[in-house]
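Presented below is the structure to which this report refers.
The values are calculated or read from the model by the stated rules, or taken from the named source; none is laboratory data. Keep in mind the model is a prediction, meaning the values are calculated, not measured. Here the Cβ positions follow ideal geometry from the backbone for every residue, glycine too, while neighbour counts run over all protein chains shown. Ligands, DNA and RNA are stripped out before the accessible areas are found, and what is left, the full protein with its side chains, is counted by its heavy atoms. Shrake-Rupley method; radii C 1.70, N 1.55, O 1.52, S 1.80 Å.
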Amino acid sequence: MPTDPVCGMYVEESERSLHTEVRGTIYYFCSETCLREFTAPEVELAKIKKMTILAFALGVPILLLSYVEVSSPVPLGWILLVLATPVQFVAGWNFYRGTWDAIRMGSLNMDVLIAVGTSAAYFYSLIYVVSPRVFVSGGYYFDTSAIIIGLILFGRLLEHKVRGKASDAVLKLAQMQPRMATITKDEEGVQVEVPIEHVTVGDVLLVRPGQRIPTDGIVVEGYSFVDEKMITGESFPVEKTVGSQVIGATLNGTGILKVKATRVGADTTLSKIVKTIQEAQNSKGRVERLADRIASYFVPLVMAIALGTLVIWILWGGKSVSFALTAAVAVLVIACPCALGLATPAAIVVGAGKGAENGILIKGGEFLEKAEKVNTIVFDKTGTLTEGRPSVTDILNLNPSEISDDEIVRFSAISEKSSEHPLATAILEKALGKVGDGSTIQSQLVPDPDSFEYLPGRGVRATYSGREIFFGNVRLAESFGLGVPDEVARKLEAFQSDGKTAMILFVDRKLAGIIAVADKIKEHALEAIEALKKMKMEVLMLTGDEERTATSIAKKLGIDQVIARVLPTEKVEVIKRLQQENHRKVAMVGDGINDAPALAQADVGIAIGSGSDIALETGGIILMRDDLRDVVAGIQLARSTMRKIRQNLFWAFAYNIALIPIAAGALYLFTGVLLSPILAGAAMAMSSLTVVGNSLTLRNFKPRI
């Protein structure tokens, strides 16, 4: 792949000496640093796999030889020693290295526990082989140390497999990027197929039916439906016409499109998704640090219990060193907090992966934790709760005997065609039938007016085919002596109160109709707000728009608190104030550059994927679809993930607390049965499997809305 999968930079052909092959695909890198960062998880997984195979390849024969009598000219103890030593110091070397690193840092971790437990069994057996007379009675425990190392490595292999799911997602996304693109040069009448890295912003690309779109861009010619499911989670192909935005790596349908490249390389949506998933995979939230901190207290406590077990059985229990050592080693093994180490990362990786499947990208574990605690949701208005662009909402015919609704729209569009007013676009789009309620107003192109005059603050005056057109507000009518009856004035006021901009049309100085334009509420906004309220969330609107429009939108959505006419810097102060009130945990949902400061200040910034790059950079959670129901789904996913983490931590500790006394010999006092260190190791591995299995149930997560 010509783009570095770590940093997204292009790798020139002359610089592609740094590369690696993963599952049949070659990946190129811009530097050794990126190569190491990309290959480290694969290398680590391969290494753990080799060490696990080594441990079991030698550990199983050790186990069999320890319990099955065989005749050999070489003493059994020496055979076991030869087999066990590579397991202890090759397969188990990482545990010793981890122990040394922990001691240097002045802390104790589970590597210390593993190293001490297996070393106790190994060196006890070594002494018994070399000088059996040291002990009155004894035995070999090479099988204990070897099988324990194998089981623990197997548990870590499972952990890396779970983490690898996120890596697989990154690789699959990277493989979606087309390697070649067809650049069209209309002025020369030629088409040139080039590697994707040669595409630059502004190039016009030809996308044939069934091909993936090479990069993010805007359609300049053609009509088709594009399958965006892999990127946005959209269930059905999306209609694309001239002016439509398209996403790189999405699949074109049956039509031919010409796409003008607007983003390339690391700036594309696909590259940003890859980066976001990598950040989520490598993140370490506060809950995970808490688990590590608990483990640092737990390890020395367990070591003290193991030492106490050894001393008590020898001094007060009257048992042999062999017996006491077996119990002590069992304590060390049974308490090994491997399940504790898996509890958080397994749930976070699966949760983040499930979010990505649903178009919800979570930048890190800390955002999952924070999102779970959110009790206040603050929404921006324009572009978040609303579509972010004006649309025609109402057409009121005031003279149906002389003019039709289609003609009202047509005359209005003719008068606005030369206008640069933001509302002119809405009128023209309605006339062309591109947007609106689905009805076809006029399919032919809107002709140019014969004359045009823009009247600032009032409207426009135009002529077409000998007819005089006035289109604007009441002030326009008053300035030209055009009468506005009281009944019409009341209707205008009703539109204004509803948050709409209403304009009056006069044709040949006769009152023709009213067209109302507004920023429409998004399709599922009301459904999302109602769902959040059912979750006991407090919902607010925070906008720079004027208060009357904001209040109108809020009323329709059932939002009680509205804070309007605030600047971006003022939005930050509002978020701070909310956070200080009754220990609120605040999530801010926005899409624009003006929302970025508030997104950064909030406990959780939720950015709409269709919004600005700055908003996406400052958000902790990114919604790839322009569907506010995903806000609800994201919070529900966070709650489910955190619930799994707590369940994992509970079972990890409950398992240790319940089995440590049995490992220390409590069961022996009543039944005469002592828990073998091997069985303890197997039980420890099962606890890790339980944690992983519990985390994987998050795959069944479905939003409740």
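Computed quantities for the displayed model
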item	result
Selected residue (only one of Asp406, Asp394 is in contact (Cβ under 8 Å) with a residue 24 or more places away in the chain, assigned to a helix (DSSP H, G or I) and under 18 Å from Ile514 (Cβ atoms))	Asp406
Yes/no for Leu251 being at pLDDT 85 or above, within 25 Å of the chain's Cα centre (by Cα) and under 17 Å from Met624 (Cβ atoms)	yes
Region 87-105, residues that are in a loop (DSSP other than H, G, I, E, B) and open to solvent by 70 Å² or more (accessible area, probe 1.4 Å)	Met105
Residue in region 53-66 that is surrounded by fewer than 16 Cβ atoms within 10 Å (Cβ to Cβ), among the hydroxyl-bearing types (Ser, Thr, Tyr) and out of contact with any Lys or Arg (no Cβ under 8 Å at 6 or more places or on another chain) present	no
So Ala516, is it within 30 Å of the chain's Cα centre (by Cα) and either under 13 Å from Asp498 (Cα atoms) or among the small types (Gly, Ala, Ser) (or both)	no
Any hit, region 228-238, residues being part of a strand (DSSP E or B), at pLDDT 85 or above and open to solvent by 20 Å² or more (accessible area, probe 1.4 Å)	no
Among (1) under 11 Å from Ser412 (Cβ atoms); (2) assigned to a helix (DSSP H, G or I), the one test that Val517 misses	(2)
Top-ranked residue of region 165-205 - restricted to ones that are in contact with a Gly (Cβ under 9 Å, 6 or more places away or on another chain) and closer than 19 Å to Asp227 by Cβ, ranked as modelled with the highest pLDDT	Leu205
Hits in region 495-516 - residues which are of a type in the set (Lys, Arg) and open to solvent by less than 10 Å² (accessible area, probe 1.4 Å)	none
Qualifying residue in region 520-532 (condition: within 24 Å of Glu416 (Cα to Cα) and among the β-branched types (Val, Ile, Thr))	no
Subset of region 517-557 (residues that are among the basic types (Lys, Arg), surrounded by fewer than 17 Cβ atoms within 10 Å (Cβ to Cβ) and modelled with pLDDT under 90)	Arg548
Filter pass, Gly388 being of a type outside the set (A, V, I, L, M, F, W, C), open to solvent by less than 10 Å² (accessible area, probe 1.4 Å) and touching a helix residue (DSSP H, G or I) at 6+ places or on another chain (Cβ under 6 Å)	no
Count of region 76-86 residues which are in contact (Cβ under 8 Å) with a residue 40 or more places away in the chain and either touching a strand residue (DSSP E or B) at 6+ places or on another chain (Cβ under 7 Å) or open to solvent by 70 Å² or more (accessible area, probe 1.4 Å) (or both)	1
Output for region 271-299, where each listed residue is open to solvent by 50 Å² or more (accessible area, probe 1.4 Å) and either among the hydrophobic types (A, V, I, L, M, F, W, C) or modelled with pLDDT of 80 or more (or both)	Leu290, Ile294
Answer from Ala518, Ala550, Ala528, Ala598 - the residue that is in contact (Cβ under 8 Å) with a residue 40 or more places away in the chain and farther than 20 Å from Thr376 by Cα	Ala518
